[in-house]
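Worksheet for the structure shown next.
The values are calculated or read from the model by the stated rules, or taken from the named source; none is laboratory data. Since we're looking at a predicted model, the values are computed, not measured. FYI the Cβ positions are ideal-geometry reconstructions off the backbone, even for glycines, and counts take in every protein chain you see. Only protein heavy atoms, including side chains, enter the accessible area calculation; ligands, DNA and RNA are left aside. Shrake-Rupley method; radii C 1.70, N 1.55, O 1.52, S 1.80 Å.
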Amino acid sequence: MNYSKKIGEIGSKMLIFYPWNRRCISVLLMGLILILNSCRTKNKSIIESDFEHIGHQLSLAVSLADSNFIKVNPKSGRDPIIPRSISPEHKMIYVGTDDWCSGFFPGSLWYMYEYTKDPKWEEAAKKYTAMLEQEKNNKSTHDLGFMMYCSYGNGYRINKDSSYRKILLQTAMNLKSRYNPKLKVIRSWDFGSDVWQFPVIIDNMMNLELLFWAFRETRDSSYFNVALNHALTTKNNHFRADYSTYHVVDYDTITGHVRQKMTHQGYSDESAWARGQAWALYGYAMCYRETGRTEFLDQAKNVANFLNDHQNMPPDRIPYWDFNSPKIPDEPRDASAAAIIASALFDLCKSDAKNQGEYKKIGDKIIQNLSDNYLVPQNKLFGFILNHSTGSKPHHSEVDVPLSYADYYFLEALIRKSELDKNHGN
Ligand code: GLY
């Protein structure tokens, strides 16, 4: 007997004679379609759907930046041409190439190109990277790593363009020139001589990656030694017993001693400014990757534990702007710190086999929560990707807004996550 034919006949009789059954079946079918759709969205993965969304946002950001560029029409100098944030008047904030944030927008475009392989992102990345070329002559800030390694560095990693290599090596030399051999640290800021003699901020750890890169490229050990010594000195002087970090340590250039430990962007000198902790975690995870020295891995693990165990870390793992800010939970969050932490944790996964499961779980949770609750809706807020970051609350500057570095590290975290997921067959 042909059973499928028989079942088909019974089915069509039921449909003909019992219209309520027809309704039941169409409800069931609709349910099935919804379940299949949600499975497909799930199968699409959070990374794919985030990148699809980010593509829309960055397209808008590029077209706005392009028209701003035409309007500003910079002939030379450092006119505001690179997107950074949004002002209280709800205007886009563009900055010059000497701003510490100038590398993040081109860097995000490189990540977009790396993930999608779409030449339109490469074209945009090249265009906004080229705008920074004059900073190869800049010796006035430690932020050269942020500015040039996020832009030219990613471009070189992807395209191996020798002109990028030259620019990066010149920048690395300029960054190295800020090193004081007596203090064994790189000077962060040149401003504020009324307050500091030789200020070093925890953020400076991030700029060491450019020096490690220069060592790998040239085999000139001075790059390696400067970065290594800076990381060791910072490990000794910036951290408290609980592995939270001070923001600023000021050195006496004559005696070599620490003059003062304080904050600039945190709630108080003794508080744990969220982004500072994020820079510390990322910085030491990167230093372990570059040097293989276990004291750096231990430092990164200890900072990760401080963050994970902190009573003021919210369940969604998006930190308040400072772990000791007094009005928690009525304080702004800092999505940029969360994105930096996620990216660093994914980096640590490759270094620390024993704890990688735990780091991956927390990193994934951060990505999930940023994706669910912090993404800027499509075509809103000038094409930024993440909302609710805090630049500098004590200065009432950039509080609860999008920031280009939150977007950059979010993209980096997504790419790092996609590599880990691929290797683990997720
Ligand atoms: N490097 C400056 C900041 O984290 O705000």
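General remarks:
- Qualifying residue in region 273-283 (condition: away from the ligand (no atom under 16 Å from the Cβ), open to solvent by less than 10 Å² (accessible area, probe 1.4 Å), closer than 28 Å to A406 by Cβ and at pLDDT 95 or above): no
- Listed by first and then second residue, the pairs with beta-carbon distance under 6 Å, at least 6 apart or on different chains, first residue in region 388-405 and near the ligand (Cβ under 9 Å from one of its atoms), second part of a helix (DSSP H, G or I) and not aliphatic (A, V, I, L, M), are L403/S336; Y405/F104; Y405/S336.
- Check on Y115, touching a residue at least 12 places away in the same chain (Cβ under 8 Å) and open to solvent by 20 Å² or more (accessible area, probe 1.4 Å): yes
- Summed over region 343-391, the residues that are within 22 Å of D309 (Cα to Cα), assigned to a loop (DSSP other than H, G, I, E, B) and open to solvent by less than 30 Å² (accessible area, probe 1.4 Å) give a count of 1.
- Scanning region 136-164 for residues that are polar (S, T, N, Q), assigned to a helix (DSSP H, G or I) and either over 18 Å from Y405 (Cβ atoms) or touching a Lys or Arg at 6+ places or on another chain (Cβ under 6 Å) (or both) yields a count of 4.
- In this structure, R289 does not satisfy being within 14 Å of the ligand (Cβ to nearest atom), basic (K, R) and in a helix (DSSP H, G or I).
- Residue, least open to solvent (accessible area, probe 1.4 Å), within region 165-194, restricted to residues that are more than 16 Å from the ligand (Cβ to nearest atom), under 22 Å from N236 (Cβ atoms) and part of a loop (DSSP other than H, G, I, E, B): L183
- When region 69-93 is filtered for residues that are closer than 16 Å to L132 by Cβ, more than 19 Å from the chain's Cα centre (by Cα) and not in a loop (DSSP other than H, G, I, E, B), the ones remaining, listed by number, are F69, V72.
- If the condition is being closer than 21 Å to L64 by Cα and assigned to a strand (DSSP E or B), then region 392-413 contributes E398, V401, L403.
- For Y267, the conditions (1) among the aromatic types (F, W, Y); (2) away from the ligand (no atom under 16 Å from the Cβ); (3) part of a loop (DSSP other than H, G, I, E, B) are fulfilled apart from (2).
- Odd one out for N225, checked against (1) surrounded by 15 or more Cβ atoms within 10 Å (Cβ to Cβ); (2) within 16 Å of the ligand (Cβ to nearest atom): (2)
- When P315 is tested against (1) in a helix (DSSP H, G or I); (2) farther than 30 Å from H90 by Cα; (3) more than 16 Å from the chain's Cα centre (by Cα), only condition (1) is not met.
- Residues of region 195-210 classified as within 11 Å of the ligand (Cβ to nearest atom) and in a helix (DSSP H, G or I), total: 6
- Single unsatisfied condition, M147 versus (1) crowded, with 17+ Cβ neighbours inside 10 Å; (2) over 15 Å from the mean Cα position of the chain (by Cα): (2)
- The listed residue being over 23 Å from S59 (Cβ atoms), in contact with a Ser or Thr (Cβ under 7 Å, 6 or more places away or on another chain), surrounded by 24 or more Cβ atoms within 10 Å (Cβ to Cβ) and at pLDDT 95 or above, out of D334, D400: D334
- Residue match in region 251-264 (condition: buried (at least 24 other Cβ atoms within 10 Å of the Cβ), within 13 Å of the ligand (Cβ to nearest atom), in contact (Cβ under 8 Å) with a residue 60 or more places away in the chain and not polar (S, T, N, Q)): no
- From the options M147, M131, residue that is within 16 Å of the ligand (Cβ to nearest atom), aliphatic (A, V, I, L, M), closer than 19 Å to A61 by Cβ and in contact (Cβ under 8 Å) with a residue 24 or more places away in the chain: M147
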